[in-house]
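Below is one structure, written out as structure tokens, with a few remarks after it.
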Amino acid sequence: MDARIRNDFPILDRTVHGKPLVYLDSAATSMKPRAVIEAEADFYRESYANVRRGVYALAAEANERYEEARAKVASFIGAQPGEVVFTRGTTEALNLAAWGLGETVVEPGDEILVTEMEHHANLLPWQETARRRGARLAAAVVTPSGELDLDDLRAKLSRRTKVVALVHVSNVLGTVNPVAEIAAEAHRVGAIVVLDAAQSVPHMPVDVRELGADLVAFSGHKMLGPTGIGALWGRADLLAELPPLLTGGEMVREVWLNWATWDEPPARFEGGTPPIAQAIGLGAAVDYLTRIGMEAVRRHGEELTALALGELLARPHVTVYGPHDPGVRGALVAFSLAGIHPHDVATLLDQEGIAIRGGHHCAQPLHRRFGIPATCRASFYVYNTPEEVKRFLSALDRVWEALR
Amino acid sequence: MTGYEEIILDHWRHPRNKGRLPDATGSAVEANPLCGDIVRMEVKVADGVVAAARFTGEGCAISLASASLLTELITGKPVAEVEKLTDEDLLSALGGVVKTRLSCALLPLGALRRALAAEDSSRRTLPPSEV
Ligand SMILES: Cc1ncc(COP(=O)(O)O)c(C=O)c1O
């Protein structure tokens, strides 16, 4: 990766507690390049108006920019623009999926299958759907090495299974799940496959057709884009069957006092004024990532992960969670230091300007599975360098010396 | 490494009054939404004075040190005085705490206030048994 990439990210010049910022929390949210910040600002400066309803030139221009952004996001994941619904992020996308499938395919007595490694965003919407519909929620277990137990998943699949909802890349274990294989098995019993791609779309080439899932959710802010924007990709024929989560303006055809007809997807799922500037910012982020090339993004993430993983595994007082092979991992490592709480590690590293995360990373059932309340997590992206990973590792050694 | 204040490290490494208080008159559990850490504070009040205080819990150095120090601060003090203990009093007794971790430092004080309230109304709160 070209080290000059760092110059595109203004925030990386700042210091924290008098030390240069080493930002290792991109799995939570990524920093923004100037191209994204400016795309959003330019839209406000030059082409701003509401989308979809104006007949004046400026509104038409705004609408064009918004739809261009949709087309960029679609081509980024190998999809058609009409299959990409803009949402506030992964959480809203998964709620939309869970609500829609609850209304259409999940019947009392049916089953929804999730996994033990889900982020709360891909667990709670299914808990709610199961409760609302009188369905059962089952979860495929995770092996001690942090992989999905595929035998258990297969055993839990049945004709009653209407939905299989799983994460592509775990935000804690880093595990890359074999989605195509699981999707094929799920489809064999007639289940719909919903994928949480929050940690994969930003970090590796993703082609939704190759994945074989039916609905795929991700967030813009984790892929260099603005907050408040994300997407749900869906197979066109499936989207056409789903009801909206939000009803109101801009998602309807005809409205009478006591009934209304929904617009076609994707407009049907974008009730209200959407985050227009944010969508345009996401379009710019996709352009930026495409210029680097997602293969190169993936390689860089793998390199930094391999460095961190190798060094952490060599320290006897460090426990690493998830697979040990960086080739089958996302660009993140969750770990703990023996007898030291992750928040203490994070606070002491912060004093050296190093930002890592300590906590349950919105995956409490997974942490419970490993018998721990929390972990530390370092995560990497295009702007991180091997030198930063080394700084993190030597600071971690000083934390260990101070607190052991 | 610019780490924690010595008093925090000391109380973390050598916790005072750790364990259950079988004849507690007030007991309460407080959980930190930031990390799920849990601390239980137990007090035994006799004649309006905190005769004994103990804590249990799993958590970070700051919350455990704070709980430990808090038991020392209140033991032997009149309840009326303990009730006046402010957040700032505890934070300065700890030698200052970084602002990102105030919720950890104040967790035991929240539990203590509820334990004393439970004592007042002679209605003990029932903490989950795993703590
Ligand atoms: C795997 C995973 N799923 C879902 C989410 C939720 O994303 P958002 O908060 O952008 O909706 C996250 C991010 O925190 C995540 O890592």
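The values are calculated or read from the model by the stated rules, or taken from the named source; none is laboratory data. All values reported here derive from a predicted model rather than from experimental measurement. So basically every Cβ, Gly included, is an ideal-geometry build from the backbone, and we count neighbours across all protein chains shown. Heads up: the accessible areas ignore ligands, DNA and RNA and are worked out on the full protein's heavy atoms, side chains in. Shrake-Rupley method; radii C 1.70, N 1.55, O 1.52, S 1.80 Å.
Here are some notes:
- In the stretch A:85-112, the residues that are farther than 30 Å from A:Ala277 by Cβ and away from the ligand (no atom under 16 Å from the Cβ) form Cβ pairs under 6 Å with partners that are acidic (Asp, Glu) and at pLDDT 95 or above, at six or more places apart or across chains, as follows: A:Thr104/A:Glu241.
- So A:Ala57, is it surrounded by 23 or more Cβ atoms within 10 Å (Cβ to Cβ) and among the aliphatic types (A, V, I, L, M): no
- Of the residues A:Gly190, A:Gly220, A:Gly225, the single one that is within 20 Å of A:Ala28 (Cβ to Cβ), at pLDDT 95 or above and touching a Lys or Arg at 6+ places or on another chain (Cβ under 9 Å) is A:Gly225.
- Restricting attention to the stretch A:199-215, the residues that are within 12 Å of the ligand (Cβ to nearest atom) and open to solvent by less than 10 Å² (accessible area, probe 1.4 Å) add up to 3.
- Residues located in the stretch A:273-316, provided they are farther than 17 Å from A:Lys222 by Cα and not in a helix (DSSP H, G or I): A:Thr273, A:Pro274, A:Ala314, A:Arg315, A:Pro316
- Candidate set from the stretch A:352-368 (those that are within 16 Å of the ligand (Cβ to nearest atom) and farther than 19 Å from A:Asp196 by Cα); member that is modelled with the lowest pLDDT: A:Gly359
- Of the candidates A:Leu349, A:Leu313, A:Leu307, the single residue that is away from the ligand (no atom under 16 Å from the Cβ) and within 13 Å of another protein chain (Cβ to nearest Cβ) is A:Leu349.
- Listed by position, the helices (runs of 4 or more DSSP H) enclosed by the stretch A:10-128 that each have at least 2 residues that are within 20 Å of the chain's Cα centre (by Cα) are A:57-76, A:90-104.
- Residues that are within 16 Å of the ligand (Cβ to nearest atom) and either among the aromatic types (Phe, Trp, Tyr) or touching a residue at least 60 places away in the same chain (Cβ under 8 Å) (or both) do not occur anywhere in the stretch A:184-193.
- For the stretch B:1-57, residues that are aromatic (Phe, Trp, Tyr) and assigned to a strand (DSSP E or B) total 1.
- None of A:Thr347, A:Thr319 is part of a strand (DSSP E or B), of a type in the set (Val, Ile, Thr) and over 19 Å from the mean Cα position of the chain (by Cα) except A:Thr319.
- Some residue of the stretch A:373-386 being more than 11 Å from chain B (Cβ to nearest Cβ), without any contact (Cβ under 8 Å) to a residue 40 or more places away in the chain, open to solvent by 10 Å² or more (accessible area, probe 1.4 Å) and closer than 22 Å to A:Arg14 by Cβ: no
- When A:Pro323, A:Pro316 are checked against the criterion of being outside the structural domain of A:Val176 (by TED's automatic domain parsing) and open to solvent by 40 Å² or more (accessible area, probe 1.4 Å), A:Pro316 stands alone in meeting it.
- A residue that is open to solvent by 10 Å² or more (accessible area, probe 1.4 Å) and part of a loop (DSSP other than H, G, I, E, B) occurs nowhere in the stretch B:60-73.
- Of all residues in the stretch A:370-404 being in a loop (DSSP other than H, G, I, E, B) and of a type in the set (Val, Ile, Thr), the one that is nearest to A:Ser145 (Cα to Cα): A:Ile372
- Count of the stretch B:15-25 residues, restricted to those that are exposed (fewer than 12 other Cβ atoms within 10 Å of the Cβ) and under 15 Å from the mean Cα position of the chain (by Cα), is 1.
- Residue satisfying all of: in the stretch A:327-346; open to solvent by 30 Å² or more (accessible area, probe 1.4 Å) and more than 18 Å from B:Ile62 (Cβ to Cβ); nearest to the other protein chains (Cβ to nearest Cβ) among these: A:Ala338
- Selected residue [within 16 Å of the ligand (Cβ to nearest atom) and not acidic (Asp, Glu)] from A:Leu137, A:Leu173, A:Leu157, A:Leu153: A:Leu173
- From the options A:His361, A:His367, residue that is within 13 Å of another protein chain (Cβ to nearest Cβ), open to solvent by less than 30 Å² (accessible area, probe 1.4 Å) and in a helix (DSSP H, G or I): A:His367
- Total residues in the stretch A:281-296, condition in contact (Cβ under 8 Å) with a residue 40 or more places away in the chain, open to solvent by 20 Å² or more (accessible area, probe 1.4 Å) and out of contact with any Pro (no Cβ under 7 Å at 6 or more places or on another chain): 4
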